[in-house]
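Structure first, then comments.
Here, each number is a calculation from the coordinates, and none is a lab measurement. Bear in mind that the values here come from a model prediction, so they are computed numbers and not experimental data. Here the Cβ positions follow ideal geometry from the backbone for every residue, glycine too, while neighbour counts run over all protein chains shown.
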Amino acid sequence: MSNERGSAIDRSRTKYGDEGFSRFLRRAFLASAGYDDVDLGRPIIGIAVTTSSYNTCHRDMPALVEAVKRGVLEAGGLPMEFPTISLGEILTSPTSMLYRNLMAMDTEEMVNALPMDGAVLLGGCDKTVPAQLMAAASSTKPVLLEVVGPMMTGSWRGQRLGACTDCRRLWGDHRGGVLDTDEIVEARGELVTTAGTCAVMGTASTMAVLTETLGMMLPGGATPPASSGARLRHGAATGRRIVELAAQQGPKPSEILTRAAFENAIKMLAAIGGSTNALVHLLAVARRAGVELTLGEFDTIAAEVPLLVDLKPSGTLYMEDLHRSGGVPAVLKQLTEHLDLTVVGASGLPLDTLVKQTEEHAAWQHAVRPIEDPLGPPGALAVLQGSLAPEGAVIKTSAASPHLMQHTGPALVLDLDQDIAAVLDDPELDVTPEHVLVLRNAGPVAAGMPEAGALPIPAKLARRGVRDMVRVSDARMSGTSYGTVVLHCAPEAAAGGPLSVVEDGDLIRLDVKQRSIDLLVAEDELARRLEDREPPALPRRGWRRLYAQTVLPASQGADLDFL
Ligand code: FES
């Protein structure tokens, strides 16, 4: 295949003040790597690789890279790997979210700076996919995303296990005295059994599903397990397709990431009972794509869409079951009446065609419920507002306790920088199941917004069998978590939100039906407290200072304001 636009090697040039010399030098150095003019005349495909010893979810990525490269070569392109930051959720301190925007910048800048006609961005673990979507939305080159795929489940004493909803459940049992230390250590060895991303509908799975729904990944790409041949075949198909997109110069991300595509993704988010993190990430991607989208619209856009996918933490099954049930195309088929079927993603086919090509097999598609017999009512995710969160907050109702959806209780206030476990484990702690646990100074400015919102149940209550309480914070929570947890309160405490002045014993009222979260303190008293409040000190230097100075509120996507 000839590249009519000329070689990417020659189109963008390193500035030496002499263009001929720049071209000469590039080809001289590339010759040292074995590339000749025939190679360099082909469409060049950059492959962003995020393999890292610190990201165990990406352990199988080298095989996926080879599959993508094979696809690129088969289609007449030249694959060129390049590394970017890799964010492993579990090993990145204090939270991978603090580095999502840094990874997005890194990826965007490398796609721009390096000579390539198109790019495949390989990710998987929680923040990698949103970072790559954000980078893609800022790119003028054709870009496709591909993920490593979910891990397989394990088994311990007859229980099927998968990270990480079961990690939290078993840890809760350990805290409650149901499992002793030997048992929890034994179970630990079976929780994360293969490479790949978390086995449930956590943030990684949610973002993979939404990427496919947005059309930034080829159909069928979100669910094949990391260890499967289907994953490698999808990688090869992605390699072949990106060469076509590069040769025809589109569709580009700006043509794919339309308002209609985002609305479809929000409906998919409701149908899968996806991670609350997706709201922050989709807002960030939409902002970069120039699509107007507000937090409140998540509720209205998905108002009619029921919960269809039976995966933990909202349901009972795992990602491998969703894959066996037909994956994202099977869910889209059920959602047909709710979707804009005119959208066209990276496959080049209208969604209408893709949906018609998908067969329905209710007899064995156990993880995907028929639209007329859903798993749960509409409103799996709800956006709240009130005197405790004037700019909004979020709750995952599908993973919450029905008896706590309307609840008023006294606050027990915690700050992120205190020893929370020590407080909550204190046998003398004055707490009842009616208390509302409040965590503050865990928002984007204060702490990069860690997944600390699903506070542990106080030990003395856990031992009595209490498994859920209302919890409120400016933090996020893992997509694998569950419970009646109000998150992303905006403005955050560090930015002067009402959360900063809640005191122990103040009454807090949650009313999910009314979509409200209120601090029942008189307005003049609240105003007085806010006036007396001391603003927190910013980090002194480096990325953390730049981040704290420029990060937008969670209700606007928590991107940096200049990106
Ligand atoms: Fe990587 Fe869950 S820790 S996806």
* Structure fact -> The exposure ranking of D506, D352, D117, fewest beta-carbon neighbours within 10 Å first, is D352, D506, D117
* Asked: Given the chain, what percent of its DSSP beta bridges are antiparallel, to the nearest 5?
  -> 45
* Asked: S275's amide H: which non-local residues (gap 5+, or another chain) put their own amide H closer than 5 Å, with H modeled 1.01 Å from N in plane and none for Pro or chain starts?
  -> T206
* What order do you get for 531-537, 195-201, 263-269, 173-179 when each peptide is scored by the mean count of other beta carbon atoms within 10 Å, highest first? -> 195-201, 263-269, 173-179, 531-537
* Structure fact -> Env charge @ V72, Cβ radius under 10 Å, K,R +1 / D,E -1, value +4
* To do: Show the residues, 5+ positions off or on another chain, whose built amide H is closer than 5 Å to the amide H of M80.
  => I45, G46, I47
* Radius 14 Å from Cβ of A422, net charge of other residues (Lys, Arg +1; Asp, Glu -1) -> -4
* Asked: Going by average Cβ neighbours within 10 Å, how do the peptides 426-432, 78-84 rank, with the highest at the top?
  -> 78-84, 426-432
* Rounded to the nearest 10 degrees, what's the angle between the helix 259-272 long axis and the longest principal axis of the chain, both from Cα atoms, 0 to 90? => 50
* Structure fact -> Cys residues of the chain with no disulfide-compatible partner (no other Cys Cβ under 4.7 Å) are C198, C489
* Lysine pairs within the chain, Cα separation less than 16 Å, 8 or more sequence positions apart or different chains -> 6
* To do: Sum -39500 (n - 2.57) across every DSSP H segment of at least 4 residues in the chain, then divide by the residue count to get the 222 nm mean residue ellipticity, nearest 500.
  => -10500 deg cm²/dmol
* Asked: Taking amide hydrogens as modeled 1.01 Å from N in the peptide plane, which residues meet the under 5 Å criterion relative to L414, leaving out close sequence neighbours?
  -> V438, L439, R440
